[in-house]
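Asks: Can you keep this structure in mind? I'll have questions shortly.
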Amino acid sequence: MDQPAFRLPDDSLVKRIISDEQAVLKQLYIANYEALERYILQNSGGGDDAKDIYQEAFLAVWRNIQIGRFLPRDEGDFEAYLMRVGKNKWIDELRKQKNRYMVPVDERHESDVVSDERGEETDDYINAVKKQYKHLGARCRELLGRFYFRKQSLREIAAEFAWTEASAKNNKYRCLKQLRELVLKEGVK
Amino acid sequence: MEKKPSYDLHEEELAYISEYLNDELGADERSVFDERLRDDPVFERKVEEVRALLVGIKEANIAEQLNLFHAELQPEEAVISTSSKPLWQRIRWLAAAAVLVLTMVGLWFFRSAQPQEQKLFSRYYKADPGLPTLMGTSDNYEFEEAMVDYKTGDFRKAIGKWYPLLVENRSNDTLNYFIGVAYLANSQPDSAVVFLDKVTAAPTSVFQSDAYWYKALAMLKQGRKADALMQLRRTEHHAKDSLLNDITSIP
């Protein structure tokens, strides 16, 4: 899997996105919505289309940053890439809806297409994890979400669930293992 | 990574790799790990798999957050936050005025595009009166303070106070309901629908019938006639049949 081969400065945008700083994610989400919405509304879409496509694009860009496929230098870089991915997704959507107006297509989707086979396998695996995550028990979802996404410490989590820190740690690994087993059992694509 | 990995990944190793990827190892442990990663291709594949596992977990979580981010979208915020364009900052009042004019033109255009739905919305919409406030010493002090803002028509302020309370009670039907109706009262039907959705999804909520009613109105305001009808059929609001009739007679 492709990954950044160097250490990033702690305050870089990429680092902050990788560590899922909620404030940064929210700010990026809010700051860039309107541009894509305008494009979609001008190209035969509605408000719901804009929201769905934007969210898909936002997640795709987020994932590409997480696995090092895309390293934005700054917010402007992020914005340009997000717009490109969003527009491409909307063009694909319009292609699917054959009876609706088509926008002229003159660009290749170089931005969110993964060229190598290994990259595709990674995407399939991540998609399978997302799907199986819903089938994981509520407690495991909560625990993994708090630890890996909300970055709560094991101590905080233990207090929340009335566990000892050691059992919080054990439960976390048990949940990871369970999730992996679900993914492998159901097959990756 | 292979569909069915040819290697075994024991719990201890899964734990070890996840600690590396989550930056939980000390410097010495890290360099031992890095060395093994360079020399052992099977180990490298295991690390790739666990990395994808962790990215999947985070992505599942962030996907759940997006609607909350979306609910905070405000036209002026979205347009003015152009940090890479300092010229805009220098003339930000002019820009703000231009945004206001554009928004109003946009609203006018949107309204004139769906006159029938808008007319019906205006005829039937009456803001939820809110809950009685006691302003006692209860735990609900913040909630009630926001309710006072809501009742005095300061919907944005009310949302601003209710919203942080959601962090601890994401599925709380009372909070979701009032944030939803406050957004609608503030002419933000898209955000209203996001929050009212959570109330209608909770079958035991006392706000369920009203949530369907306001969701139907929000959708009407969005010009989504068919969706509004579906919501309306589920409410027990006294004006349900009358509005159903009126919507179905829109050509």
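The values are calculated or read from the model by the stated rules, or taken from the named source; none is laboratory data. Computed from a prediction, not measured in an experiment: that's the story for all the values here. For neighbour counting, all protein chains shown are included, and Cβ atoms are generated from backbone atoms with ideal geometry for every residue, glycine included. Note: accessible area is taken over every heavy atom of the protein model, side chains too, but ligands, DNA and RNA are not part of it. Shrake-Rupley method; radii C 1.70, N 1.55, O 1.52, S 1.80 Å.
Asks: Exactly one of these conditions fails for A:Lys134: (1) free of Cβ contacts under 8 Å to residues at least 60 places away in the same chain; (2) crowded, with 20+ Cβ neighbours inside 10 Å. Give me its number.
Replies: (2)
Asks: Inspect all residues belonging to segment B:61-69 and state whether any of them is modelled with pLDDT of 60 or more, open to solvent by 60 Å² or more (accessible area, probe 1.4 Å), among the charged types (D, E, K, R) and under 23 Å from A:Ile17 (Cα atoms).
Replies: yes
Asks: Something else about it: Condition test on B:Ser205, is it closer than 22 Å to B:Ala158 by Cα, in a loop (DSSP other than H, G, I, E, B) and open to solvent by less than 50 Å² (accessible area, probe 1.4 Å)?
Replies: Working: closer than 22 Å to B:Ala158 by Cα: yes; in a loop (DSSP other than H, G, I, E, B): yes; open to solvent by less than 50 Å² (accessible area, probe 1.4 Å): yes.
Yes, satisfied.
Asks: Same structure, new question: Only one of (1) modelled with pLDDT of 90 or more; (2) more than 25 Å from A:Gly145 (Cα to Cα) fails for A:Leu25. Which number is that?
Replies: Of the numbered conditions (1) modelled with pLDDT of 90 or more; (2) more than 25 Å from A:Gly145 (Cα to Cα), the odd one out for A:Leu25 is (2).
Asks: Here's something else I'd like to know. Can you find a residue in segment B:20-33 that is outside any loop (DSSP other than H, G, I, E, B), facing chain A (nearest Cβ under 10 Å) and open to solvent by less than 90 Å² (accessible area, probe 1.4 Å)?
Replies: Within segment B:20-33, one or more residues are outside any loop (DSSP other than H, G, I, E, B), facing chain A (nearest Cβ under 10 Å) and open to solvent by less than 90 Å² (accessible area, probe 1.4 Å).
Asks: Of the residues that make up segment B:129-139, is at least one among the small types (Gly, Ala, Ser) and under 20 Å from the mean Cα position of the chain (by Cα)?
Replies: Filtering segment B:129-139 for residues among the small types (Gly, Ala, Ser) gives B:130, B:136, B:138.
In the following step, the residues that additionally are under 20 Å from the mean Cα position of the chain (by Cα) were identified as none.
Within segment B:129-139 (the criterion being among the small types (Gly, Ala, Ser) and under 20 Å from the mean Cα position of the chain (by Cα)), the answer is no, since none of the residues qualifies.
Asks: Kindly indicate the residue of segment B:1-19 that is open to solvent by less than 60 Å² (accessible area, probe 1.4 Å) and more than 23 Å from A:Lys169 (Cβ to Cβ) and also modelled with the lowest pLDDT among those meeting that condition.
Replies: B:Met1
Asks: Do we have A:Glu93 as over 30 Å from B:Ala27 (Cβ atoms), open to solvent by 20 Å² or more (accessible area, probe 1.4 Å), out of contact with any Ser or Thr (no Cβ under 6 Å at 6 or more places or on another chain) and at pLDDT 95 or above here? Full working, then the answer.
Replies: Values: over 30 Å from B:Ala27 (Cβ atoms): yes; open to solvent by 20 Å² or more (accessible area, probe 1.4 Å): yes; out of contact with any Ser or Thr (no Cβ under 6 Å at 6 or more places or on another chain): yes; at pLDDT 95 or above: no.
Taking the combined requirement at face value, the residue does not satisfy it.
Asks: Could you look through segment B:213-251, keep only residues that are acidic (Asp, Glu) and open to solvent by less than 60 Å² (accessible area, probe 1.4 Å), and pick out the one that is nearest to B:Gln116 (Cα to Cα)? Outline the logic, then answer.
Replies: Within segment B:213-251, the subset acidic (Asp, Glu) is B:227, B:236, B:241, B:246.
Now restrict to residues that are open to solvent by less than 60 Å² (accessible area, probe 1.4 Å): B:227, B:246.
Numbers: B:Asp227: 15, B:Asp246: 10 Å.
Here the residue is B:Asp246.
Asks: Looking only at residues that are assigned to a loop (DSSP other than H, G, I, E, B) and either free of Cβ contacts under 8 Å to residues at least 24 places away in the same chain or of a type in the set (Lys, Arg) (or both) in segment B:208-250, which one is farthest from A:Gly46 (Cα to Cα)?
Replies: Taking the candidates together, the pick is B:His238.
Asks: Looking for something modelled with pLDDT of 85 or more and either open to solvent by 60 Å² or more (accessible area, probe 1.4 Å) or over 30 Å from B:Asn169 (Cβ atoms) (or both) - is there at least one such residue anywhere in segment B:133-144?
Replies: No.
Asks: Keeping to segment A:162-189, report how many residues are in a helix (DSSP H, G or I), of a type outside the set (Ser, Thr, Tyr) and touching a helix residue (DSSP H, G or I) at 6+ places or on another chain (Cβ under 7 Å).
Replies: Kept after step one, since they are in a helix (DSSP H, G or I), are these residues of segment A:162-189: A:165-186.
Add one more test, that the residue is of a type outside the set (Ser, Thr, Tyr), and what stays is A:165-166, A:168-172, A:174-186.
Next, from what is left, pick out any that are touching a helix residue (DSSP H, G or I) at 6+ places or on another chain (Cβ under 7 Å): A:165, A:168-169, A:171-172, A:175-180, A:182-183, A:186.
Residues in segment A:162-189 being in a helix (DSSP H, G or I), of a type outside the set (Ser, Thr, Tyr) and touching a helix residue (DSSP H, G or I) at 6+ places or on another chain (Cβ under 7 Å): 14 in total.
Asks: Give the residues of segment B:152-172 that are open to solvent by 70 Å² or more (accessible area, probe 1.4 Å), within 17 Å of B:Thr133 (Cβ to Cβ) and part of a loop (DSSP other than H, G, I, E, B), sorted by residue number.
Replies: Answer for segment B:152-172, where residues must be open to solvent by 70 Å² or more (accessible area, probe 1.4 Å), within 17 Å of B:Thr133 (Cβ to Cβ) and part of a loop (DSSP other than H, G, I, E, B): just B:Thr152.
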